[in-house]
Amino acid sequence: MATKKATKKVTPKKVEVKEVKVESLMDKLMAKAGAALVTPKRGQQVEGSVTFVSRKMVLVDIGAKTEGMVADAEAKEAVDIIETLKVGDKISVFVKHPENDQGQILLSLRKAVEEGRWSVFKKWMEEDKEVEVTGLEVNKGGMVVKIGEIRGFVPASQFGEKHLGNMDELLNKVFKAKVIEVDKVQNRLIFSEKLVSDAVGLAKKDEALADVVAGTKLVGTVSGIMPFGVFVTVNVPVKGKPADTAAKIEGLVHISEISWEKVDDPNTMFKVGQEVEVMVIGIEKEAGKLNLSIKQLSGDPWSDIETKYAVGTKHQGKVVRIAPYGVFVNFGKGIDGLIHVSKQPQGKEFAMGETVDVYVEMLDAKSRRMSLGVVLTEVPVEYR
């Protein structure tokens, strides 16, 4: 009898089927694009690249799902900047509306206008470009002008010979000038009219200045008098050219260079139109100016002071100034000494113009200082 084998019941294992998400290429591209897309917010400042430019519209790629647009009033306001833009330029814009009814992103170039204008002004200055400005108002220092909607200034010294002293002729008129200073931080935009109207003369000036050296003696005419000195226009010959082609160059004789003696008011010594001889003591080639001196035409009285006014020597001079701390005595041609109040005889009162006998107590030629003592002609009361 056959034995019946026992059979083991096998329970089938459950196979866990994992759901596999198949990501399509399109999904990947969309996800990647979505991560990179910018969601602009109203008032946000963003950077972008210009993709299209016309006088009435600018399209800017700011990394959003669609390009931003500068149009209508915003484009009109920035027309001068738009004219300088080209496809591919990087610019800064403000989001005016993240999405209008047509799904467009509206942008403003206000910030770019401001930034761009200063950049344009700087570029004009670097290129030495002539631009048109309009005269608005005249003040003591020069003329306020306008270029576009921006105000600038033309100093009186930056007008050519034709308009010097007649700036009013250019009020409410358009005239050409060049940008000579751009300072966005200080909001300074400075123009020069003479760089345009006197261009030929200025070119001649540069040529003449190239050969001028300190020590050159010139004859000129007083063109202006100020509390700090005298302006003199001199004729500087151009090397290798006839005398009648000399360049007219204005220079300043500072008040300290007028005389070896103290000068309080240049107006008492000079008149506009007066002919004077001067010596060049400095050249400012970039500014096209000369530093001049009148006193250097005569010898420095302090050059041999230690010989003529040695310590202990006696001299006679005149009282030229009385101060709380002492009396100044002049010996002629820029040589003054001080009788300190502590050295004045008791009871002695000095008068302006009075002749006094003194001796040199201390001398410092380098700093041009001389201390004096009074030569006593009578025995002081306390010693009688």
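Only one of the numbered conditions (1) part of a loop (DSSP other than H, G, I, E, B); (2) modelled with pLDDT of 90 or more; (3) aliphatic (A, V, I, L, M) is violated by Val38, and that is (2). One residue alone among Val276, Val253, Val263 is under 21 Å from Thr221 (Cα atoms), in contact with a helix residue (DSSP H, G or I) (Cβ under 8 Å, 6 or more places away or on another chain) and either outside any strand (DSSP E or B) or at pLDDT 90 or above (or both), and that residue is Val263. Considered as a group, the residues in segment 167-215 that are among the hydrophobic types (A, V, I, L, M, F, W, C) and without any contact (Cβ under 8 Å) to a residue 12 or more places away in the chain include one that is farthest from Glu130 (Cα to Cα), and that residue is Val185. Among the residues that make up segment 253-266, is at least one of them surrounded by 12 or more Cβ atoms within 10 Å (Cβ to Cβ) and on the phi > 0 side of the Ramachandran plot? No: zero hits. Taken over segment 138-149, the criterion of being surrounded by fewer than 12 Cβ atoms within 10 Å (Cβ to Cβ) and more than 20 Å from Glu114 (Cα to Cα) is satisfied by Asn139, Lys140, Gly141.
Within segment 182-203, if we keep just the residues that are in contact with a strand residue (DSSP E or B) (Cβ under 7 Å, 6 or more places away or on another chain) and more than 17 Å from Phe159 (Cα to Cα), the residue that is surrounded by the fewest Cβ atoms within 10 Å (Cβ to Cβ) turns out to be Arg188. Being surrounded by fewer than 11 Cβ atoms within 10 Å (Cβ to Cβ) and at pLDDT 90 or above: is that true of Lys173 here? Considered against the rule, which asks whether it is surrounded by fewer than 11 Cβ atoms within 10 Å (Cβ to Cβ) and at pLDDT 90 or above, Lys173 comes out as yes.
Tally time: how many residues in segment 329-375 are among the acidic types (Asp, Glu), over 46 Å from the mean Cα position of the chain (by Cα) and within 27 Å of Lys295 (Cα to Cα)? First the steps, then the outcome.
Within segment 329-375, the subset among the acidic types (Asp, Glu) is 336, 349, 354, 357, 361, 364.
Those left that are additionally over 46 Å from the mean Cα position of the chain (by Cα): 349, 354, 357, 361.
Remaining after also requiring within 27 Å of Lys295 (Cα to Cα): 354.
Here the count works out to 1.
Assess whether Val280 counts as being buried (at least 18 other Cβ atoms within 10 Å of the Cβ), touching a residue at least 60 places away in the same chain (Cβ under 8 Å) and within 17 Å of Phe231 (Cα to Cα). So Val280 passes the test.
Going by what's in this entry, would Lys162 be described as farther than 30 Å from Gln45 by Cβ and at pLDDT below 85?
Answer is yes for this residue.
Residues that are over 21 Å from the mean Cα position of the chain (by Cα) and charged (D, E, K, R) within segment 133-151 comprise Glu137, Glu149, listed in sequence order.
Consider Glu207 carefully, then state whether it is touching a helix residue (DSSP H, G or I) at 6+ places or on another chain (Cβ under 7 Å), surrounded by 16 or more Cβ atoms within 10 Å (Cβ to Cβ) and among the charged types (D, E, K, R). Considered against the rule, which asks whether it is touching a helix residue (DSSP H, G or I) at 6+ places or on another chain (Cβ under 7 Å), surrounded by 16 or more Cβ atoms within 10 Å (Cβ to Cβ) and among the charged types (D, E, K, R), Glu207 comes out as no. Checking each residue in segment 329-370 for being over 21 Å from Trp260 (Cα atoms), exposed (fewer than 14 other Cβ atoms within 10 Å of the Cβ) and hydrophobic (A, V, I, L, M, F, W, C) picks out Val341, Ala351.
The values are calculated or read from the model by the stated rules, or taken from the named source; none is laboratory data. Model, not experiment: these values are computed from the prediction. Neighbour counts are summed over all protein chains in view; Cβ atoms, including those assigned to glycine, are modelled from backbone coordinates with ideal geometry.
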